[in-house]
Amino acid sequence: MNQKTSAAFVGASWVALGTGMLGYLIGLWRSDMLLNEKGFYFTVLMFGLFSVVSLQKSVRDRLEGFPVTDIYYGLSWFSTLLSIALLTIGLWNATLLPSEKGFYAFAFMLGLFGAIAVQKNTRDNQEFTKRG
């Protein structure tokens, strides 16, 4: 990394994360779902966010030569794909309007993308600061 990540990209990443998470959570809060359904969708979001940050870190560690066990690397991929599969299965079987299903799917994916980008930017900027 030869230069610090631009403020515009850092800001856009945080906006993506915030928009995805807040949109998803506000949608859950305002929905007519039962509390156990809301809990399921909330847990899937948190699991997904943790999974993609873990995946981004393990991929980056491997690229930079830091040791990452195959088990952890595989679990990071598995948990990321599992969170997406759980959301897909949950929405497929939900008694929601198609527009609501689409809203949750896109908010979820935007949140995951934002989490990956924020993690990447944080790591890039820490590396730049160390060298600085």
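The values are calculated or read from the model by the stated rules, or taken from the named source; none is laboratory data. Model, not experiment: these values are computed from the prediction. Reconstructed Cβ throughout: ideal geometry from the backbone, glycine too, with neighbour counts over all protein chains shown.
Mind telling me which of the residues ALA94, ALA7 ends up being in contact (Cβ under 8 Å) with a residue 12 or more places away in the chain, among the aliphatic types (A, V, I, L, M) and more than 16 Å from ALA115 (Cβ to Cβ)?
ALA94
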* Taking the residues in region 1-26 that are crowded, with 17+ Cβ neighbours inside 10 Å and not hydroxyl-bearing (Ser, Thr, Tyr) as candidates, determine which candidate is modelled with the lowest pLDDT. => VAL10
* Single residue of region 89-108 satisfying the filter (under 16 Å from GLY48 (Cβ atoms) and surrounded by fewer than 15 Cβ atoms within 10 Å (Cβ to Cβ)) that is farthest from the chain's Cα centre (by Cα) -> ILE89
* Going by the conditions given, is SER79 part of a helix (DSSP H, G or I) and either in contact with a Lys or Arg (Cβ under 9 Å, 6 or more places away or on another chain) or surrounded by 14 or more Cβ atoms within 10 Å (Cβ to Cβ) (or both)? -> yes
* To do: Return yes or no: is LEU91 among the hydrophobic types (A, V, I, L, M, F, W, C), assigned to a helix (DSSP H, G or I) and in contact with a Lys or Arg (Cβ under 9 Å, 6 or more places away or on another chain)?
  => yes
* Looking at region 79-126, which of its residues are within 14 Å of VAL10 (Cβ to Cβ) and charged (D, E, K, R)? -> LYS120, ARG123, ASP124
* To do: Test GLN56 against the criterion of being farther than 16 Å from PHE108 by Cβ and not in a helix (DSSP H, G or I), and give yes or no.
  => no
